[in-house]
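The values are calculated or read from the model by the stated rules, or taken from the named source; none is laboratory data. Every value quoted in this text rests on a predicted model; they were computed, and no experiment measured them. Cβ: placed from backbone, ideal geometry, glycine included. Neighbour counts: every protein chain shown.
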Amino acid sequence: MKVTVVGAGAVGASCAEYIAIKNFAEEVVLVDIKEGFAEGKAMDLMQCASLNGFDTKITGVTNDYSKTADSDVAVITSGIPRKPGMTREELISTNAGIVKQVAENLIKNSPNVTIIVVSNPMDTMAYLAHKSTGLPKNKIIGMGGALDSARFKYRLAEALDCPASDVDGMVIGGHSDTGMIPLTRLATRNSVPVSKFISNDQLENVKEETKVGGATLTKLLGTSAWYAPGAAVSAMVHAIANDSKKMFPCSCLLDGEYGLKDISIGVPAIIGRNGIEKIVEIELDDAEKAKLNESAEAVRKTNGLL
Ligand code: NAI
């Protein structure tokens, strides 16, 4: 398995590190536009190989896509992150041009690649990658829901005072503070609905903390987060590499599923060797359906800025 990660910044490097530590890919190529930056990150990471015991070969290149040839998976993290107080949507004017050009360069060199889009505003960037590459819709996956769901589980575990591995929960909808929909109705602790353990007010608080999870970290860090985003991407790359058929909520190009068409937005999907193996349509209640439609409207509005 050869993986290219475009953007050797905070999220890209963290993702490369997790992929290497899990030791399932033969090769990771880091690409950045900043002269020498990806080369430096790759060298630093490779100096961890003997310490962390991995065999994955990490190389770095400055904008040389010939080195990415025949990648099985490519991750797009290139672009600017938000600063405190900014929304993800405000990044569109800078990131759209970058993502379009990067996606085109990737498929020129790896026509069969599966692309995971991370750059924000992610749902719109995933939609743009579809439009600019013409890849089949199973081959472009937006990463947002995997991270938002991990943040949801973190907040649930905190409220329930239990390990995060005890809880299950999923966030669907657009990857934005107002668009994401933590499905509290379906959240469980070892198959028991979480409402058995915490009050509605606590659950409402978990939902709100989840939605602003990224903004909370941006305020603390002065820039957006990278460890959990990197871990979320590497989990998805691992599912593709191992053909695990693991389910992640992720941004998929919809064609009628959930009553939506011609939009990339977060819904549960089975991820395996072919990228999106299947979009899973779960039964939503009326309030959840209304929220998903509202979230889709907001994503369409951002898509309109392309
Ligand atoms: P960063 O600034 O640390 O890294 C971005 C890297 O992209 C920089 O090294 C920059 O030189 C590089 N770059 C810019 N233009 C390029 C081009 N044309 N070709 C190759 N490389 C290029 O930013 P960070 O924190 O890694 O975030 C990256 C993106 O990911 C941001 O848009 C951020 O909002 C997004 N993000 C998305 C998440 C999600 O859940 N979807 C979670 C966290 C961040």
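As a summary of the residue check, Val192 satisfies the conditions (1) among the hydrophobic types (A, V, I, L, M, F, W, C); (2) touching a Gly at 6+ places or on another chain (Cβ under 7 Å); (3) surrounded by fewer than 14 Cβ atoms within 10 Å (Cβ to Cβ) except for the one numbered (2). The residues listed here are Asp161, Asp201, Asp148, Asp166; of these, the one that is on the phi > 0 side of the Ramachandran plot, modelled with pLDDT of 95 or more and among the acidic types (Asp, Glu) is Asp161.
Is there a residue being crowded, with 17+ Cβ neighbours inside 10 Å, closer than 19 Å to Gly230 by Cα and not aromatic (Phe, Trp, Tyr) anywhere in region 87-94? Yes, that holds for at least one residue. Put simply, of Leu51, Leu45, Leu30 the only residue that is among the hydrophobic types (A, V, I, L, M, F, W, C), without any contact (Cβ under 8 Å) to a residue 24 or more places away in the chain and over 30 Å from Gly304 (Cβ atoms) is Leu51. Restricting attention to region 36-69, the residues being within 10 Å of the ligand (Cβ to nearest atom) and either within 22 Å of the chain's Cα centre (by Cα) or over 23 Å from Ile107 (Cβ atoms) (or both) number 3. For region 126-175, how many residues meet the condition of being in contact with a Gly (Cβ under 7 Å, 6 or more places away or on another chain), part of a helix (DSSP H, G or I) and farther than 14 Å from Thr210 by Cβ? Count: 3.
Look at region 70-83 and say how many of its residues are in a loop (DSSP other than H, G, I, E, B) and either in contact with a Cys (Cβ under 8 Å, 6 or more places away or on another chain) or within 13 Å of the ligand (Cβ to nearest atom) (or both). Step through it out loud before you land on a result.
At the first step, the residues of region 70-83 found to be in a loop (DSSP other than H, G, I, E, B) are 70-72, 77-83.
Now narrow it down to the ones that are either in contact with a Cys (Cβ under 8 Å, 6 or more places away or on another chain) or within 13 Å of the ligand (Cβ to nearest atom) (or both): 77-83.
Residues flagged as in a loop (DSSP other than H, G, I, E, B) and either in contact with a Cys (Cβ under 8 Å, 6 or more places away or on another chain) or within 13 Å of the ligand (Cβ to nearest atom) (or both) within region 70-83 amount to 7.
Of all residues in region 116-135, those that are basic (Lys, Arg) have Cβ atoms under 9 Å from Cβ atoms of residues that are within 13 Å of the ligand (Cβ to nearest atom) and modelled with pLDDT of 95 or more, 6 or more apart or on another chain, in Lys131/Lys100. Against the numbered list (1) surrounded by 18 or more Cβ atoms within 10 Å (Cβ to Cβ); (2) modelled with pLDDT of 95 or more; (3) near the ligand (Cβ under 10 Å from one of its atoms), Ile19 comes up short only at (3).
Can you go through Asp44, Asp55, Asp32 and tell me which one is buried (at least 24 other Cβ atoms within 10 Å of the Cβ) and of a type in the set (D, E, K, R)?
Working: Asp44 fails: buried (at least 24 other Cβ atoms within 10 Å of the Cβ); Asp55 fails: buried (at least 24 other Cβ atoms within 10 Å of the Cβ).
None of the others qualify; the one that does is Asp32.
Exactly one residue among Asp161, Asp166 is touching a helix residue (DSSP H, G or I) at 6+ places or on another chain (Cβ under 9 Å), more than 20 Å from Ala225 (Cα to Cα) and surrounded by fewer than 18 Cβ atoms within 10 Å (Cβ to Cβ), and that residue is Asp166.
The set of residues from region 93-118 being touching a Leu at 6+ places or on another chain (Cβ under 8 Å) and not in a helix (DSSP H, G or I) comprises Val113, Ile115. Listed by position, the helices (runs of 4 or more DSSP H) inside region 188-306 whose residues that are more than 14 Å from the ligand (Cβ to nearest atom), farther than 22 Å from Ile92 by Cβ and of a type in the set (Asp, Glu) number at least 1 are 200-211, 286-303.
Taking the criterion of being small (Gly, Ala, Ser), free of Cβ contacts under 8 Å to residues at least 40 places away in the same chain, under 26 Å from Ala74 (Cα atoms) and surrounded by 14 or more Cβ atoms within 10 Å (Cβ to Cβ), would at least one residue in region 273-293 satisfy it? I'd like the intermediate steps shown before the answer.
Residues of region 273-293 small (Gly, Ala, Ser): 275, 287, 290.
Those still in the list that are free of Cβ contacts under 8 Å to residues at least 40 places away in the same chain too: 287, 290.
With the extra rule that they be under 26 Å from Ala74 (Cα atoms), the set shrinks to none.
Scanning region 273-293 turns up no residue that is small (Gly, Ala, Ser), free of Cβ contacts under 8 Å to residues at least 40 places away in the same chain, under 26 Å from Ala74 (Cα atoms) and surrounded by 14 or more Cβ atoms within 10 Å (Cβ to Cβ).
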